[in-house]
1. For chain A, what are the DSSP H helices with axial Cα length of 18 Å or more and mean Kyte-Doolittle hydropathy of at least 0.5?
2. Can you give the extra length, in nm with one decimal, that the chain gains between residue A:298 and residue A:496 once fully stretched, where that is 0.36 nm per residue apart less the Cα-Cα distance?
3. Say each of residue A:681 and residue A:388 gets a label point 7 Å from the Cα, pointing the same way as Cα to Cβ; how far apart are those two points in nm?
4. Just need the relative contact order of chain A here, percent rounded to a whole number, with Cα pairs under 8 Å and 6+ apart.
5. Tell me the relative contact order for the range A:144-285 as a rounded percent, counting alpha carbon contacts under 8 Å between residues six or more apart.
6. With only alpha-carbon atoms counted, please give the Rg and Dmax of the protein assembly as shown, in Å.
7. Count neighbours as other Cβ atoms within 10 Å of each site's Cβ, and list the trypsin sites (Lys or Arg not before Pro) in the range A:204-307 that are DSSP loop with at most 15 such neighbours.
8. Can you give the FRET efficiency to the nearest 0.05 for residue B:100 and residue B:150, using r as the Cβ-Cβ distance and R₀ = 45 Å?
Amino acid sequence: MSAPAAPGAASAEDLVTLTIDGEQVSVPKGTLIIRAAEMVGTIVPRFCDHPLLDPVGACRQCVVEVEGQPKPVMSCTVPVAEDMVVRTHLTSAMARRGQEGTLELLLVNHPLDCPMCDKGGECPLQDQALAHGANQSRFLDQKRKYEKPVAVSPQVLLDRERCVLCARCTRFSEQISGDPFIELFERGALEQVAIYEDEPYHSYFSGNTIQICPVGALTSTSYRFKARSFDVVTTPSVCDGCSAGCGQTVQSRRGEVQRQLARTNMDVNEAWNCDKGRFSFPHLTHAQRLTTPMERVDGELVPTTWSRALARVADAVRASQDVGPGRTALVSGGRLADEDAHVAARLARTVLGTDLVEHRTRFAPADEAPARAVLLARAGGAPGLTYADVEHAPVIVVAGLDPEEEVPVLHLRLRKAWRQHRARIVVVGPHLGTLDGIAWRRVATAPGAEPAALAALAYGDGEIAAALRGDGAPAVLVGERAGAGSLAAGTRLAEAVGGGVAFVPRRAGDAGGLAAGLAPGLLPGGRLLADAADRAEVEAAWGPLPAHLDGAAPVDGLRGILAAAADGAVDVLLLAGADLARDAQSAALAERALARVAGAGTVVVQDLALTETAARYADVVLPVTATQERDGARTDWEGRAQRFRRAVDAPELAQDDWEAFVQLAAVLGHRLYGSLDAIRAEQEQLGVRAAAHPLPEAASAGSTGAPSGDALLAVVRPLLLDGGTMLAGADDLRATARAATVGVSRADAARLGIVDGADVTVTGAGGATVTLPTAVLPDLVPGAVVLPRTSTEPPVTRLADEDGVVAVTLAPVAVPAEVGA
Amino acid sequence: MTLQAWLTAAGGAVALVLLGWLALTRTVLGRGLAVPLRAMFVKPETASYPEAPRPTAPRFHGRHQLNRYADGLEKCIGCELCAWACPADAIFVQGGDNTEEQRFSPGERYAEDYQINYNRCILCGLCIEACPTRALTMTQEYEIAADSREGLIWTKDMLLVDPPEDGYDTPHTDREVRDRGLNYYGGLAVTPPTRKGGSFAPATAAPLQRAGAVVPRRELPLVPPGTGDAEGEPDGDGGSAGAGDA
């Protein structure tokens, strides 16, 4: 019952020829009649049928007549056969009467409150009742009544009166997202969609059920009564929530985003997206949004003008350059578009004259960026491993990545591969995370010890090695939390078994930042600063690079930059979308660095919102535009660059990040780019390095050594819905966030006397504590705990030592005596 | 007086009249003067506007109004069908969500904002045809001139009629509306939603509804179908209005 093969994929002998309404058509074997009819241009009305869901035949709307069959046939469940003669409603009175009758029955209990229904105007039931229904209903009695609406989750409302029981939502949650919190209950006229007694429909993908509901039974809380389909302006866009690169539709009214929908892109997100991408837009108009440049005068941030703000930054940069070269640093978060990152890289190297650049707020292993640069150059600017490769891979190795929390749409592809052909998913790392339902085998390692396990996977005669060496190209996905050397090890593993490999970062701007060379020692297109030929290619486009960048050993990523800043070696710190005080892997080191630079130098923050870093440390704050408010492009984890267009206007004084960079350069006497097209032309011209550098040698295990004493090493995993800046204002969305817990292994829980669900105090470096409920995880290796990254207050980054390592001790919270007694 | 004098006088009079008639009909000046003279004896065509405005034709399309039910609830449910129908794009509606504490209209939805831009409106009446609740009708009032463009944009408070004598201005509370037991739509199509504390009641809070009772009886307006009277009293046991179609 799997979905039919794509047309064109089949060879001639796999084609079946049939007649539909007197027209001959040849379609691949196994195609459903309803799809074959689409190919000759006939749309048979349907409610339950969805091309990405299994056929079910629940709504009985798609009746057609098949010659030789005495009864009408449901075209959405019957595959074509050779010489079949199909007559649709266009030529068959039986089909037409059947469809009219079904519609009349579907409308018997439908409340027809279309004027107040959010689906009104874009409702398949409305459209098809008009196109295929009889005009009159013979039903005169009272319609079935239910309480309406009920909230199946804080962001999905259910109106059971409107439901036509097509089971699209329940099939989506069972087949696609795999969290069956929503199901059909009862029988007969009482059959209805409902949720389990005590569990609301808290799925990361619940918004899709709203979008595929063919009636107004499932509606969105955030879009409730806000607009009609005819008064929104629709703009195609690309989601900036994570590195998945989902196509998105932004709908706005009067210059404000009203809702966002998944836009079908079968290469990337198919027709789905996650709730974060769908519902996280309120941050655009949140009270914390920056609308004007600000500068710090006498300790207070006061509104100022762009020219004064930029002049102040430029003065600080000149003063720093008078002290010595390379005393400025530029750190971007994961928000920047590709063009922004490219301009930032050029600004840093040629105008500021520094190699202290970074695009990640985590302390990445030193070999990660060079290894990714190698993969980038090998792919030659095209997507490397793609979603389709993952879907068709017989074996998928996942290391240091929790796709549902980090790149949710990739999780849907993994599930699809698992569901359709039982792809064997091998999880390498300290725990399974959300892959526990679909993983085939698990290779348990201590946190950070993934590379050795990856390197050993293909060898020996274990079942994993045998599976990897079997037919088909395996896929290796390496995530952010895999230890030093994992990507190189994963790449060698993929080479050894003839598969593909990809690094899957979490943030949307990560891949673009890397491609722009926004990391120490890197240049655009997978080039290295230390390589003379690479430098020459870049200098041809950028002009000469400062001599002092020659031969200098690159610093150790953000950790190195912050350490230099804390030691007073940085005068000007430019932060573009990086809230280091909260998001840097070690809050302790970040605060020391920020305090030092804010005291003796200048901290410049350009961001969407007044972050903690901006409020506490920034000397100059610059407002910038968000994805929905500008043109640009982003590269997803595959390496697929996708452009997005402006959907709404930004606050009046906000500028694109690249414009802010270009203007700063102009104040400093450098003319960089005049337009987005100029940047894109240069990106095109530079391309990627023709021949990839060799993979970096396997580094010795990083700083993730065993912690001393009874401390436990934490795996700090970001949850999809946490305290992030771009979730501000999306209260309904955040209400569905998974509870922050501290995951403890069974052995450690037994040793420490912690029971599942009990609150524990987690104490990290410097005595900082967080109190969280425990989740005893049977799949976690002993000696490790799993912590959410920014779901708590204070964030777990405060528990990290200055190397970013979170080694914690757990203590059960004492239960007050009277309660315990 | 002699006959001759009479004849002379009569002849003079006839000559005068003849001359006058000739002057008024045959000379340019006279024909001009004849017009006001004639008009003195004709009923005037001009209206003494604005002192005594004339009634309009019975089906004249004047400016709009938003109507209310007898208890003061607004008929408008903010559905935007009027705005959709409008060929001049003159209507702006922003829907809103009735809450337990603040109910403006029957059902779930009401018009949070409603504006008609008479710069654009061509008074064609397609909007009132589209209105599903007869909330929007057109009055015969045509005095909608203003001295600015902004002044021609009529907002909801200007369009909404005053509450009727026995009614109250909106918002009402849900309880008040329920206690009245009015049947707003002349059928049993829509009842006011049950909502708790201003936010949506989770489905888990109502397991019984799911388990069998198609609709809790107390939620139904207790008017048997077909009686058509909007004044049903919540007195009976509801047997006749039972959820019989299950």
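1. A:587-600
2. Here the answer is 65.1 nm.
3. Modelled inter-label distance: 3.3 nm.
4. 12
5. 19
6. Rg then Dmax for the protein assembly as shown, in Å: 36.6, 160.
7. Loop-located and lightly packed - A:254.
8. 0.80
The values are calculated or read from the model by the stated rules, or taken from the named source; none is laboratory data. Note that the structure is predicted; figures quoted are calculated from it, not measured. Methodologically, a virtual Cβ is constructed for each residue, glycine included, from the backbone with ideal geometry; neighbour enumeration extends over all protein chains shown. Note: areas computed on protein heavy atoms with side chains; ligands, DNA, RNA excluded. Shrake-Rupley method; radii C 1.70, N 1.55, O 1.52, S 1.80 Å.
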